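For reference, the structure discussed in these notes is given below.
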Amino acid sequence: MTTIDLAKTSLRDLNQRLHDLPPDTNEREWRIANPRGAHAIAAGLSSPIEVRIDGHVGYYCAGMNMDATVIVEGHCGWGVAENIMSGLVRVRGNASQSAAASGRGGLVVIEGDASARCGISMKGVDIVVNGSVGHMSAFMAQKGHLVVCGDAGRDLGDSIYEAILYVRGGIASLGADCVEKEMTPAHVETLGGLLRKSAVEADAKEFRRYGSARRLYNFHIDNADAV
């Protein structure tokens, strides 16, 4: 394992070193010490490596991740795993706003709570939150899954497209065009697989499913006055 101490090495030098790794690198395990809330740690990775960050991080940690596994042993600021393409990002603590925003693929696991706009404009990423999420989560979510083992804030799934939301706890309110849907055996099986993959212990049968009523993006004149 390669250990980099951010008390001694600059963040720019760390990220450059990670970016310069060839696809066939044998330096596959990295440990980042003393992150001290720095922003954009391990952003833009494109190699199948594992990066373990020992502490709290700031904004945009593991943004644009592709193929790498990034584990944050603490809390994280805005936009963790923003625009993730593939790979795994796991946060052992809580996440601030816009976790996995615009994510196109991969898996993001938040073992604590996520703040507002978790999964905003998600485009294929799977997000599993072991705690609760804040308001406007999954706003304009287009594709993928958001799993919430706790509660969800107001306006969940506002203007949602074809993403699928699973919530075990209470919901303050649903957003425009987001409705509860039948939880079929196929959905229970899919959700169970996501929970197992995320190493989150929860019973898939305790969740409810939400998705688009398809009244907004398929315009109909009868809905012209809808709020």
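Please list, in chain and number order, the residues 5+ apart from E50 or on another chain whose amide H is under 5 Å from its amide H, with Hs placed from the backbone.
Those lying under 5 Å, H to H, from E50 are E29, W30, T69.
Stick to Cα atoms and the Kirkwood definition of Rh, then tell me Rg/Rh for the chain.
1.02
Enumerate the lysines that K143 could reach by cross-link, defined here as Cα to Cα under 23 Å, with residues fewer than 8 away along the same chain left out.
K123, K181, K197, K205
Determine which residues of the stretch 163-205 fall in the zone a paramagnetic label at R215 would reach in this model, i.e. backbone nitrogen under 15 Å from the point 7 Å along Cα→Cβ.
Of the residues in the stretch 163-205, 174-181 have backbone N under 15 Å from the label point off R215.
So how strong a dipole does the chain carry about its Cα centre when Lys and Arg Cβ are +1 and Asp and Glu Cβ are -1, to the nearest 20 debye?
Approximately 120 debye in magnitude.
Can you list the HN-Hα couplings for the stretch 171-187, worked out from phi with the Karplus curve (6.51, -1.76, 1.60; θ = phi - 60°), rounded to whole Hz and with x for Gly and Pro?
10, 4, 5, 8, x, 4, 6, 9, 9, 6, 10, 5, 9, 7, x, 5, 5
How many nm is it between the label spots at D13 and K181, if each spot is 7 Å from the Cα in line with the beta carbon?
Result: 5.1 nm between the two label points.
Could you give the spread of the C-alpha atoms of the stretch 97-216 along their three principal axes, from largest to smallest, in whole angstroms?
Reported extents, whole Å, longest axis first: 33, 29, 26.
Over the Cα atoms of the stretch 5-75, what is the Rg over Rh ratio if Rh follows Kirkwood?
Value, to two decimals: 0.92.
Give me the distance in nm between label points sitting 7 Å out from Cα along the Cα-to-Cβ direction at T2 and E162, one decimal.
Those two pseudo-labels are separated by 4.0 nm.
Residue by residue through the stretch 123-136, which ³J(HN,Hα) values in whole Hz follow from phi under the Karplus form 6.51 cos²θ - 1.76 cosθ + 1.60 (θ = phi - 60°), with glycine and proline marked x?
Running phi through 6.51 cos²θ - 1.76 cosθ + 1.60 with θ = phi - 60° gives 10, x, 6, 9, 10, 10, 10, 6, x, 10, 10, x, 5, 6 Hz.
Sequence gap at least 6, Cα distance under 8 Å: using those rules, report the relative contact order of the stretch 135-223 to the nearest whole percent.
28
Sequence gap at least 6, Cα distance under 8 Å: using those rules, report the relative contact order of the chain to the nearest whole percent.
10
What ³J(HN,Hα) values, in whole Hz, does the Karplus curve 6.51 cos²θ - 1.76 cosθ + 1.60 give for the stretch 100-112 when θ = phi - 60°, with x put for Gly and Pro?
Going residue by residue, I get 6, 4, 6, x, 9, x, x, 10, 10, 10, 10, 7, x Hz, with x marking Gly and Pro.
None of the figures in this text is laboratory data; all of them are computed from the coordinates on show. Source: prediction; values computed, not measured. Virtual Cβ from ideal backbone geometry, glycine too; neighbours counted across all protein chains shown.
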